[in-house]
1. So, in nm, how far is label residue 134 from label residue 74 when the simple model puts each one 7 Å beyond its Cα toward the Cβ?
2. Once you put a point 7 Å from the Cα of residue 93 and another 7 Å from the Cα of residue 112, both along the Cβ direction, what distance in nm separates them?
3. At 0.36 nm per residue, minus the direct Cα-Cα distance, what do residue 176 and residue 81 gain on full extension? Give it in nm, one decimal, please.
4. Could you tally the net charge around residue 183, taking each other residue with its Cβ under 14 Å from the Cβ of residue 183, Lys/Arg +1 and Asp/Glu -1?
Amino acid sequence: MTHSRHHEQIPACRPVHPGRQAVSVRTVVRTLRVTVATVSLLAAALAPAPALAHAAPAPAGGTADRVHQALPWSAVETAIRAAESKKGAPYAWGGTGPNTFDCSGLVQWSFRQAGVALPRIARDQAAAGTRIPYSRARRGDLVYWTHGGGDVYHVGIYLGGGRMIDAPESGDHVRERDVMAEAGAVRL
């Protein structure tokens with residue numbers, strides 16, 4: 001089984017040489033903030049359906065399934081429009097926008113424009129919602145890839161119809177393209 005080359009993202013997702021490493025106070029504080037944001041997102045995802053009764057209806061051409069998710073259509077569509085507005089922006093390892101992006105930087109920046117806080121790296125973003133089979137992915141879900149079912153190394157935003165938007169790799173740019181083989185999906 002072969003995977004697309006995404007070696008540029010691997011250092012952002014996990015250390016090259018795992019083991020004990022010195023951690024700054026700033027890193028610990030940032031990690032705690034990400035954890036709190038993730039717990040908040042998960043708590044919102046577990047909210048009973050009546051709490052979502054005021055979610056915006058699905059736009060024309062959308063699927064009604066989205067109104068039952070934690071994020072209303074308006075937030076999903078705002079995030080997608082934000083990502084689409086960055087088509088052509090260059091890939092830069094560690095880029096978080098607004099002019100350059102890596103894969104998880106684009107996802108985080110796009111959802112931030114919709115008022116949704118997501119963690120910084122692909123692995124944590126893939127854990128920020130409910131993992132679902134790619135076959136059940138809906139517009140606005142995150143799609144991700146792993147190394148043999150292990151660590152997540154790449155993430156994008158699913159657009160529907162087998163298409164996604166992402167920041168692929170060094171030398172490339174933010175663009176829409178077909179979803180690569182063996183994707184997993186996350187519903188926020």
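Bear in mind these aren't lab numbers, they're just calculated from the coordinates by the rules spelled out. In this text the structure is predicted, and so the values were computed from the model without any measurement. All Cβ positions, glycine included, derive from the backbone under ideal geometry; neighbour counts span all protein chains shown.
1. A separation of 3.4 nm, rounded to one decimal place.
2. 2.1 nm
3. Details: separation 95, 0.36 × 95 = 34.20 nm, distance 1.21 nm.
Extending this stretch completely gives an extra 33.0 nm.
4. Values: positive: 131, 136, 138, 163, 177, 187; negative: 141, 166, 178, 182.
With Lys, Arg at +1 and Asp, Glu at -1, the net is +2.
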